[in-house]
Amino acid sequence: MAVTAFSLVRIHNLFAAVMMLGIYSLLAAVLYVVMDAVDVAFTEAAVGAGISTVLMLGTLALTTRMDKEAKPLVPVPLAIVTATGALLIYATLDMPHYGDPGAPIHHHVGPYYIEKSASEVGPPNIVTSVLASYRGYDTLGEVTVVFTAAVGVMALIGRSRRRKKPDPKSENHGRKEQQA
Amino acid sequence: MSPETTIQAALLTPVIGAVLISLCGRWTNLRETVTLVTAVILFSLVISLYPLVLEGGRPSLVVGEMLPNLSIAFTVEPLGMLFACIASFLWIVNSLYSIGYMRGNNEKNQTRFYVCFAIALASSVAIAFAGNMMTLFIFYEALTISTYPLVTHAGTEKAKRGGRVYLGILLSTSIGLLFLAIVWTWMIAGTLDFTPGGILEGKASNTIIGILLALYMFGIGKAALMPFHRWLPAAMVAPTPVSALLHAVAVVKAGVFTVVKVIIYIFGVDFLSVTIDPDWLLYISGFTILAASIIALRSDNLKRRLAYSTISQLSYVIMAAAILAPLSVLGAALHIAVHAFGKITLFFAAGSIYTASHKTEVSQLDGIGRRMPWTMGAFAIGALSMIGVPPTAGFISKWYILHGAFDSGQMLAVGIIIVSSLLNASYFLPIVHAAFFKKEIESPNHDDHGEAPFTVVIALTVTATITILLFFFPGIFIDLARQLI
Amino acid sequence: METFYGLFNYWIVIVLMMMGFYMVIAQHNLIKKIIGLNVFQVSVFVFYISMSKIKGGTAPILTDGIEIYSNPLPHVLILTAIVVGVATTALGLALTVRIKDAFDTIEDDEIAILEKEDQERERGTIS
Amino acid sequence: MSTQLPALQVVLPLLMAPIALIIRNPRFVWMLTLIVTWTTLAISLSLLMQVLDSGTITYRIGGWAAPWGIEYVLDKVGAFVLVIVSAIGSLVMTYARRSVEQEIPAERIYLFYTMFLLCLTGLLGITITGDVFNLFVFLEISSLSSYVMISLGRDRRALTAAYRYLIMGTIGATFYIIGVGLMYMMTGTLNMADLATLMPAIADTRVIQAALAFLTVGICLKLALFPLHLWLPNAYTYAPSMVTAFLAATATKVAVYILIRIIFTVFGGVNVFEILGLQNILMTLAIFAMFAASTIAIYQDNAKRMFAYSSIAQVGYIILGLSFASETGMAAGIIHLFNHAIMKCTIFLGLGCVALRMGGVSIRDMYGLGTRMPWTMAAIVVGGLSLIGIPMTVGFVSKWYLVRAALEADMWPVAVLIVLSSLLAIIYVWRIVEAAYLKPAPENAEPVSEVPLSMLLPLWVMALASIYFGLDATNTLTIALDAADILLNGGLQ
Amino acid sequence: MLNRASILRVVSKLLIPPIMVFALYVQFHGDFGPGGGFQAGVIFAAAFILYALIFGVDNARKVAPAWLTRTLLASGLLLYTGVGVVAMMLGGDFLDYSMLATDQKSAQHLGITLIELGVGTTVSGAMITIFLIFDGRLRAEKDD
């Protein structure tokens, strides 16, 4: 995974980069399965490796395939990233260990769902119970986000715009200047 | 009418006047009638409170709470009464004068001029009657803002620059220093009400009191204490009635009024004299008096000379208050009134000269007294009052200030007053002398002119007459001012 | 040593996260920025999921005879977050398409130059 | 029914968004949106009454008790912010029709209003929720929709502005999510009140300190605290006029609200300011923002950009108030939240009027407008005076409390800095005043008439509000002081 | 595209119905195994996209005209919110499914099924919309 990510940083062919991102997502999905998150893995595979890739390819077709020439590591962002990473690593030192059953999250809200969801909600898939019922409101928000994105894409590059193209008013004046 | 209603009416009259004026903008005669009528009503309302205040009444009015435990409130006390009387009376005279001046010089945007004038007057009356420091501050700023369009009236590049300096200095001192002082006072004292004897006694260390006093004195930019005096000459670009408003009716008067008010009602004269004895204030105001006089002496532009004269005269008031002797405080209060009448006469005369002959420089005025005897006669009276020569009102206030300075042994102040009177004489008397006794210089484009328009002459005659009358009947103001001490 | 194995997982994730973050802020290509954003977010998701894992646990689907389940809550959160992420990506890509239309490039630095020209033109035409 | 009001507050605009999408007709959609916004205002007002009467309201979504389910919690601060958001929303909508017709292609207007409804949903949802993760979801709803709204501006730079906002906003949101993850890791809960009770015990762990850092940085990106403000100026400058007015008055305010919630509610039991020197950092940044942004504002030729920078400076004031962590300071921050929303909305609505008639909002476009569009310019001046902090405007009240808070904390240099920075506002506001009133209109200028009443009315409602709440600040201040009191004592309980 | 090997078309003709069935399975099986509305929506959309790729977008447009996708998009969200509002009208809190039926479990089941359906509808609507827009854009560019 790290290899994929690293090659992503260096790679310049955008097409390859998108493919790498797809692979990265798939690898993440595999990891999710390993870590017992089957639902998430399913979604990640469908979304990260599927939808995102398709979208990216579509965008590439509409824009360009190549990145500009290579740039050396830029110092300021590097410093920011290093600082952020260092802070996180520093934080990990106090974290409960991976898979530790004594971690706080396994003792508060989580277990409640595992114990009660069958009797309170029903479905054996606890994730579904939580997603659709206990935290159904979050899911409503999630659907709204999808809705927002779709309407946003319509507003941004919806088809009606094409018919309008000859009309300079609705067109970006910048573009006209570009062509002139 | 109960006193509360009268206060209310006095505050609202100019505002209503402003609205009516803007509505009547198209009919010039009606518009100016409305202005005059409003001014007269305002004056009669103010003066109707006079007997009550003289008897020791302190009518007050609370409009409402603005911040928790901090109301917009008005209380009429002697000093405010004095200021309100002067402002509202001079508004009448000034309106008369404005009509002649504005028409005579074909100024544009006259409606805006009268509207802003009325609002400025409303703010002045509100300042005069303010019952606590916050109310005062609110209207202090309102006065600044409402006079800005007046200062930049001409709309020229020069007017714009003048307006920038005017607004820049007045707003930055008031927001930067005065505002800070007020909030701080509120924190320390828990109140901002004007209370005889002050509100700060025993509530803060001497250092803090000292800092606060400095914040107040420099924060009140309208009092033009050096180095924050530059706005006054800058504002000279405005039409003469506006200069009269700035120098006599409202703005600088509001400044020194606030200074005196802060010293008497926020700090308390006795408290100040036993705690920190603000000598530095004496020095700075003394320096301002002398420095401004010297600059005035060297200016050829008549209005500029008058402007620096104002700066020096304002510091008389500050110095008098800073002496902290009862008689000098009384002198300070009187000087506000006396200077108002004297200076407005001088400005009226300057504007009159400009209207009739379009002359602005002192050196051009040779022999003009023969063409404009009324104008220059009034100018002479005003000048004498500035110097403090009897039988003009200037003598009275200077005498009280000197008396107070002697009583408290402030020989430095005595010296400054004497030196500055000499300086005053040396920059005013040559003008009078030249106007009446030198021969007119013949220049090719010199046009034949006589006196200024009728209303202009009336206005300056009235103020000159009052300057003399006040010498013989100073009682109306002295009786009021005596209650302060 | 135990610390090392216990936290190693997190460290890997953090390194991945930071690679994505670096791409977002250092890359000039608008699409690569979005790719970076994806890497960044996916890594955060992995971080969430790895905290839900419990030793000896299984997927949180109730089955007879199994006692230990991984914590389902992070799974739910990440399901939501993934969707939010893809929505952002879609929008970002749509914007990129429009930018390509308007500026004829998707390189950040070139756009900055064009924008500066716009600004100067604005000043120039008026003055 | 009144018990259902908290849900209705958010659900109503949410429900209407898809309906707007189906209706499509611009006129009808506008009407629908207008009705929705005014209804949300009515709901939020009655919620505020309820909260003032009977204290904090909680509402369980889906009938599940917190922390198992998601819960709405509405205290005085929240209710106050709800009122701000919905009031601004309804006024801006009243104003919007003409402005939107001019600035947005006709066939996209219904999409635009749909976005507006979603953005409103998001902002209201953020304000009312009591769950840190749910907050993220609604934050994204409002963010995504505002990216789209910004990108619909006419200038091509609107696109890049929206893109940069998207990148920065998403980084901010991701940081927030990392912070939430770290907190969840140590507590096992996402509910704010629950977190607040668990927090003191683990406050000194490195994880929680890192969480605090991530949350703060993430939110500060959203609220454009200097130096994380880079996305804001272009976004405000090139967005459609009404969007600028709406976002300037609400979006950053809600972001500040999130910060308040995190610092004073979630970390309520902890002396957060001791950790990592957060107090000093925030205070320093706030002061930098006040000066740097105001100074940059002075040099702008585009009025929208000028006031965008001024917004960054004003965010500095709000954060400064909060960073005193005293009751007065908090109250100053909260009251300035309200006041700044009013005055910035006034100014940007006014600029929208100018844009409608002049086609642009550079300083040169305003030459001589004082006489040609007297009402519009007068309203802008009122807003400007308020920015300076002239008495009788809301800005004065904020400044009064800020200075007082600084003096109470014995930080008189800070008090001096506050008044000094407001002097900078004089300079840029006066550039507008001089342009409008002292510069003659260009000679070849076409005659310009005042904007229609449907725009003037909301504009002047705002302008008068900024005078009214400056004169009678007792009510708003009482709420702010109460709210500050509650927050300092943990909040939400 | 149409002159591609017909074997592709035949295979996909065979494939698409199973994919759709699979989508439905995922949609309703979410209770028991991994899956749910979101994944189902994506798969459904994928089936459609496959159809569009093989048979041409114009044909796909005929199957799913703009008004239909838009309605699909809107109705899913409406359905979800609607369930919440109905619960409110029946006297419960927003999204409180237990109001929907007398028995707690079946009420929850009904609620979950309905909202998952809403999720699926909106997601597939959104995905199809976005795909068609990108594709329309692409072809517009080729026309230029």
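Restricting B:Ala380, B:Ala337 to those that are open to solvent by 10 Å² or more (accessible area, probe 1.4 Å) and either closer than 29 Å to B:Ile99 by Cα or in contact with a strand residue (DSSP E or B) (Cβ under 9 Å, 6 or more places away or on another chain) (or both) reduces the list to B:Ala380. Listed by first and then second residue, the pairs linking a residue in region D:66-77 that is touching a residue at least 24 places away in the same chain (Cβ under 8 Å) to a residue that is in a loop (DSSP other than H, G, I, E, B) and aliphatic (A, V, I, L, M), with Cβ atoms under 9 Å apart and 6 or more places separating them unless they lie on different chains, are D:Pro67/D:Leu190; D:Ile70/D:Leu190; D:Glu71/D:Ala65; D:Val73/D:Ala66; D:Val73/D:Leu492; D:Asp75/D:Leu492. Just to be sure before I move on: is D:Leu91 away from chain E (no Cβ under 14 Å), closer than 17 Å to D:Ser2 by Cβ and crowded, with 24+ Cβ neighbours inside 10 Å in the structure I sent? No: the conditions fail for D:Leu91.
Return yes or no: is C:Ser50 over 19 Å from A:Phe15 (Cα atoms), open to solvent by less than 10 Å² (accessible area, probe 1.4 Å), polar (S, T, N, Q) and more than 7 Å from every other protein chain (Cβ to nearest Cβ)? For C:Ser50, the condition - over 19 Å from A:Phe15 (Cα atoms), open to solvent by less than 10 Å² (accessible area, probe 1.4 Å), polar (S, T, N, Q) and more than 7 Å from every other protein chain (Cβ to nearest Cβ) - is not met.
Evaluation of B:Ala189 against the conditions (1) more than 23 Å from B:Val249 (Cβ to Cβ); (2) open to solvent by 40 Å² or more (accessible area, probe 1.4 Å); (3) more than 9 Å from every other protein chain (Cβ to nearest Cβ) shows that the sole unmet condition is (2).
How about region B:274-286: which of its residues are surrounded by fewer than 16 Cβ atoms within 10 Å (Cβ to Cβ) and part of a helix (DSSP H, G or I)? Scanning region B:274-286 gives B:Val274, B:Asp279, B:Trp280, B:Tyr283.
Going by the structure shown, is B:Leu30 assigned to a helix (DSSP H, G or I), open to solvent by 10 Å² or more (accessible area, probe 1.4 Å) and modelled with pLDDT of 85 or more? So B:Leu30 does not fit the description; no. Beta carbons closer than 9 Å, at least 6 apart along the sequence or on distinct chains, pair a first residue in region B:470-485 that is assigned to a loop (DSSP other than H, G, I, E, B) with a second that is open to solvent by 70 Å² or more (accessible area, probe 1.4 Å) for B:Leu484/B:Pro196; B:Leu484/B:Pro326; B:Ile485/B:Pro326. Which residues, counting only those in region C:99-114, are open to solvent by 20 Å² or more (accessible area, probe 1.4 Å) and within 7 Å of another protein chain (Cβ to nearest Cβ)? Residues satisfying the conditions are C:Lys100, C:Asp101, C:Asp104.
Filter region A:104-119 for residues that are crowded, with 16+ Cβ neighbours inside 10 Å and facing chain C (nearest Cβ under 7 Å) and give the result. Listed by number, the residues that qualify are A:Ile105, A:His106, A:Val109, A:Gly110, A:Tyr113, A:Ile114. Scan region D:34-41 and give yes if some residue there is closer than 25 Å to A:Arg135 by Cα and open to solvent by less than 30 Å² (accessible area, probe 1.4 Å), otherwise no. Taking every residue of region D:34-41 in turn, at least one turns out to be closer than 25 Å to A:Arg135 by Cα and open to solvent by less than 30 Å² (accessible area, probe 1.4 Å). D:Arg164: basic (Lys, Arg) and open to solvent by less than 10 Å² (accessible area, probe 1.4 Å), yes or no? No; evaluated as a whole, the condition is false for this residue.
Could you please let me know if D:Ala210 is more than 7 Å from every other protein chain (Cβ to nearest Cβ), in contact (Cβ under 8 Å) with a residue 24 or more places away in the chain and in a helix (DSSP H, G or I)? Show your work before the answer.
Numbers: more than 7 Å from every other protein chain (Cβ to nearest Cβ): no; in contact (Cβ under 8 Å) with a residue 24 or more places away in the chain: yes; in a helix (DSSP H, G or I): yes.
In short, no.
Taking the numbered list (1) within 13 Å of chain B (Cβ to nearest Cβ); (2) open to solvent by less than 40 Å² (accessible area, probe 1.4 Å) in turn, D:Ile432 passes all entries but (1). Would you confirm whether or not region D:452-461 contains a residue that is open to solvent by less than 50 Å² (accessible area, probe 1.4 Å), touching a strand residue (DSSP E or B) at 6+ places or on another chain (Cβ under 9 Å) and in contact (Cβ under 8 Å) with a residue 24 or more places away in the chain? No, every residue in region D:452-461 fails to be open to solvent by less than 50 Å² (accessible area, probe 1.4 Å), touching a strand residue (DSSP E or B) at 6+ places or on another chain (Cβ under 9 Å) and in contact (Cβ under 8 Å) with a residue 24 or more places away in the chain.
Filtering region B:92-141 to residues that are within 13 Å of chain D (Cβ to nearest Cβ) and either at pLDDT below 85 or at positive phi (or both) leaves B:Lys108, B:Asn109, B:Thr111, B:Arg112. Restricting attention to region D:47-90, the residues being more than 21 Å from the chain's Cα centre (by Cα) and either assigned to a helix (DSSP H, G or I) or of a type in the set (D, E, K, R) (or both) number 11.
The criterion of at least 3 residues that are more than 14 Å from chain D (Cβ to nearest Cβ) and modelled with pLDDT of 80 or more is met, among helices (runs of 4 or more DSSP H) falling completely within region A:1-94, by A:14-34, A:38-44, A:52-62, A:75-92. Being crowded, with 19+ Cβ neighbours inside 10 Å, hydrophobic (A, V, I, L, M, F, W, C), assigned to a helix (DSSP H, G or I) and facing another protein chain (nearest Cβ under 10 Å) is the requirement here; does D:Val11 meet it? The answer is yes for D:Val11.
Okay, residues lined up against (1) among the β-branched types (Val, Ile, Thr); (2) more than 9 Å from chain D (Cβ to nearest Cβ); (3) surrounded by fewer than 24 Cβ atoms within 10 Å (Cβ to Cβ):
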site	(1), (2), (3)
E:Arg70	no, no, yes
E:Val85	yes, no, yes
E:Asp93	no, no, yes
E:Met99	no, no, yes
E:Ser106	no, yes, yes
E:Ile115	yes, yes, no
E:Thr121	yes, yes, no
E:Gly125	no, yes, no
E:Gly136	no, yes, yes
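Among the residues of region D:451-475, those identified as under 16 Å from B:Glu65 (Cα atoms) and more than 10 Å from chain B (Cβ to nearest Cβ) are D:Ile467, D:Tyr468, D:Phe469. Residue count for region C:72-127, restricted to those that are within 23 Å of the chain's Cα centre (by Cα) and of a type in the set (Lys, Arg): 2. Check region A:123-140 and report whether any residue there is part of a strand (DSSP E or B), at pLDDT 80 or above, over 30 Å from C:Ile14 (Cβ atoms) and facing chain C (nearest Cβ under 7 Å). Yes, some residue in region A:123-140 is part of a strand (DSSP E or B), at pLDDT 80 or above, over 30 Å from C:Ile14 (Cβ atoms) and facing chain C (nearest Cβ under 7 Å). State yes or no: is D:Val180 within 14 Å of another protein chain (Cβ to nearest Cβ), surrounded by fewer than 24 Cβ atoms within 10 Å (Cβ to Cβ) and farther than 25 Å from D:Ile298 by Cβ? The answer is no for D:Val180.
Filter region B:83-112 for residues that are in a helix (DSSP H, G or I) and over 20 Å from B:Ile458 (Cβ atoms) and give the result.
Selection gives B:Phe83, B:Ala84, B:Cys85, B:Thr111, B:Arg112.
Would you tally the residues in region C:53-92 being part of a helix (DSSP H, G or I) and either at the interface with another protein chain (Cβ under 7 Å from one of its Cβ atoms) or in contact with a strand residue (DSSP E or B) (Cβ under 9 Å, 6 or more places away or on another chain) (or both)?
19
Per the listing E:Gly111, E:Gly41, the residue uniquely closer than 17 Å to E:Leu24 by Cβ, modelled with pLDDT of 85 or more and either more than 7 Å from every other protein chain (Cβ to nearest Cβ) or surrounded by 18 or more Cβ atoms within 10 Å (Cβ to Cβ) (or both) is E:Gly41.
The values are calculated or read from the model by the stated rules, or taken from the named source; none is laboratory data. All of these numbers come straight from a predicted model, not from anything done at the bench. Cβ: placed from backbone, ideal geometry, glycine included. Neighbour counts: every protein chain shown. What goes into the accessible areas is simple: the full protein's heavy atoms, side chains included, and nothing from ligands, DNA or RNA. Shrake-Rupley method; radii C 1.70, N 1.55, O 1.52, S 1.80 Å.
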